[in-house]
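The structure's right below; bear with me while I get my questions together.
Nothing in this text is a laboratory measurement; each read-out follows from the coordinates by a stated rule. Note that this is a predicted model, so its numbers are computed, not measured. Cβ: placed from backbone, ideal geometry, glycine included. Neighbour counts: every protein chain shown.
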Amino acid sequence: MSVLKDIPVRYETPQASTSGNPLANVFDEFIRFCRSRSLFMLHYCTGCGAIELPPAMTSRFDMERLGIQPMVTPRQADILLVTGYVSVKTLKRVILTYEQMASPKYVIGICSCTVNGGMYWQSYATAKKLNDYLPVDMYIAGCMPRPEAVIEGLRALMENIRTGASDNWKDYYQRYDHYLANQQRLFGETWQTPTDVIGEAKNYGVLGPETEGEHTRLLSLHKQPLEPLRMTLNAGKLERM
Amino acid sequence: MNLTELMIELVLMPFVAFVIGLGMVLMMRKIAARLQRRVGPPFFQPLYDIVKLYAKRTQTSHGMVHDIGIVMAVGGYVAAETLLPMPGMNGIADKGGLITLMYLMMVPSLGMALGVGQCANPNGSIGIGRALTAMLAYDVPFVIVVFGVAWHFGSTNLVSMIEIQQAGGISTWGITQMPLLALAGLFTLHGMLGKQPFEVYIAPAEIATGPMVEMSGKHMGGLFVMQSFQLYTAAALYVTLFLGGGENWLFFIVKCFVVLAVPVSLAYLFPRYRTEDMVRLMWKWPVLVGLVGLAFVMR
């Protein structure tokens, strides 16, 4: 794909408002505004970028005045903050975490390592571009970015959410085959997550033409349904206690 | 009172309580921020959070009981609001009374226990186990306080309690008549809110917010609504029992916020107690103070 004209171009016509009523989108705009002003943040702090987050959260720069506060479980979170390099092993956990979050969800990659591998470019154990495996909404480049840059990036994301420009969580559903292909390349063909992404896409009506493909077919061959672990009590052990 | 007026009050009372509760959530977060030398959230932040949570596209439910548990948690407080007199609105307060209110205030915790139980997340189970133990801890002094107040006024009717206190002025207020019970009550209120020294069942860093660990979207939104109801209910009950209720809206709201500001300001100064330490503390000091207060009331 070194020749420019070979690169496939996708162009989706933006949906124009069908009714002439200027108040038709007021409710949607209100919800988008609320979404942009209330962001719960799950930080996956593996890299050195995590050091810059405490000053951004605490009294010096105070994220809470922008409505951003840390949350501790993926279920409650809106933003997944990946601060720094992701090794192949941690990337699995990041993907598991991302798929458990409730949409609309946003991914922020902090530090150069998430952009292009950074100083770990030659490492065999790190994933280079986070964008290949997860739909990243905002990159905050730098090694490491200062808290001002982090706040600036978060403000830019807020603006994108408010105007509706930031909906990459749909991209994960609509081009799941692409993301799964990259994940399978790294983790092997038997890679699977507990979340049924295709089922969710069908349920919420965000199915795209590239949701299913050859890689999801490969997944369906290996996919084993999740079964709850059986609870067992070792009575002999209990007696000896 | 005719039926239409009653119906309007029954709808209006939870709604007003919710709006005041949102203000209380804001105050709580603002106080926390100021104590930590931060600016704190903007004015409408509690509202933004709730709207955002309800507007989530994907909703993860773990089954029917999970949904019903949240409904119970919110519904218990909605029912409790109709039993708590507000200035100019009594709802069904003279028919319910203090004992019914006490029962209804336990329903949310039980609802959450049900809902969390179905999530089957070990963190949630640990959290709800701790929350119910905490409830056991603060309910003992709570019952002593309620018993003492009811004995003092000779009734469990909240409306007549407010009338007695407002007719006699400050000298007949619960806090001047029974200061020891009021002190024990404030202690109990602190435990009931689940604020800092007593928030081991939430423990974000250790058990990932305990009961809330599997809640997302509208379930979490329901819990945010519940929190604002909880703050209002605890503060308004204290105001009704000890501070003479509300002569008018201004005094009522000011009193509620002042009462709540005391535990919330103290909260961010302390680390937390372990569950058994909390039980030990709650069954020792507020119970002791409450029993001495009770002896003075019943002498």
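For the pairs A:Lys105/B:Lys52; B:Lys30/B:Lys255; A:Lys128/A:Lys202; A:Lys89/A:Lys128; B:Lys255/B:Lys284, flag any whose C-alpha to C-alpha distance is greater than 23 Å.
Too far apart for the 23 Å limit: A:Lys128/A:Lys202; B:Lys255/B:Lys284.
Mean separation of Cα pairs under 8 Å and 6+ residues apart, divided by the residue count of the stretch A:101-165: what relative contact order is that in percent?
33 percent
Return a whole-number percent for the relative contact order of the stretch A:50-149, with Cα pairs under 8 Å and 6 or more residues apart as the contact set.
Details: 156 pairs, mean separation 29.2, N = 100.
Relative CO of the stretch A:50-149 lands at 29 percent.
Averaged over peptide B:204-216, how many Cβ atoms belonging to another chain are found within 10 Å of each residue's Cβ?
The per-residue average across the peptide is 3.
At a threshold of 8 angstrom on Cα-Cα distance, excluding pairs fewer than six apart, so keeping six or more, what relative contact order does chain A reach in percent? Let's see the in-between values first.
Working: 345 pairs, mean separation 38.3, N = 241.
Answer for chain A is 16 percent.
Chain A: percent of C-alpha pairs farther apart than 34 Å?
Working: 7261 of 28920 pairs.
Percent of Cα pairs beyond 34 Å in chain A: 25.
Return the Rg/Rh ratio of the protein assembly as shown with Cα-based radii and a Kirkwood Rh.
Reported Rg/Rh (Cα atoms, Kirkwood Rh): 1.03.
Give the average, rounded to an integer, of partner chain Cβ atoms located within 10 angstrom of each Cβ in A:56-65.
Partner Cβ neighbours, averaged per residue: 4.
With the alpha-carbon atoms as the only input, what is the per residue convex hull volume for the stretch A:26-167 in Å³?
91 Å³
Quote the convex hull volume per residue of the stretch A:126-192, based on C-alpha atoms, as a whole number of Å³.
94 Å³
Once you've got the Cα coordinates, tell me which of B:Lys56/B:Lys95; A:Lys170/A:Lys223; B:Lys56/B:Lys195 are over 30 Å apart.
As for pairs spanning more than 30 Å Cα to Cα, those are B:Lys56/B:Lys95.
A further question follows. Taking A:Lys5 as the anchor, which lysines have their alpha carbon closer than 25 Å to its alpha carbon, excluding any fewer than eight residues away along the same chain?
A:Lys129
Taking chain A as a Gaussian network, Cα atoms linked when under 10 Å apart, which of A:Ala156, A:Ala165, A:Ala24 shows the biggest mean-square fluctuation?
Its mean-square fluctuation being the largest, the pick is A:Ala24.
Further, regarding this structure: What's the longest bit of chain A with no exposed trypsin sites (Lys or Arg not before Pro), using DSSP loop states and at most 12 other Cβ atoms within 10 Å as the test? Please list the in-between numbers first.
Details: sites that count: A:Arg10, A:Arg60, A:Arg230.
That would be A:61-229.
Just A:Gln76, A:Gln100, A:Gln122 to compare: in a GNM of chain A, with alpha carbon springs under 10 Å, which one fluctuates most?
A:Gln122
Which value, to two decimals, describes the C-alpha radius of gyration of chain B once divided by 2.2 N^0.38 Å?
For chain B, the normalised Cα radius of gyration is 0.98.
Between the stretch B:41-91 and the stretch A:35-65, how far is it from one alpha carbon centroid to the other, in angstrom?
27 Å
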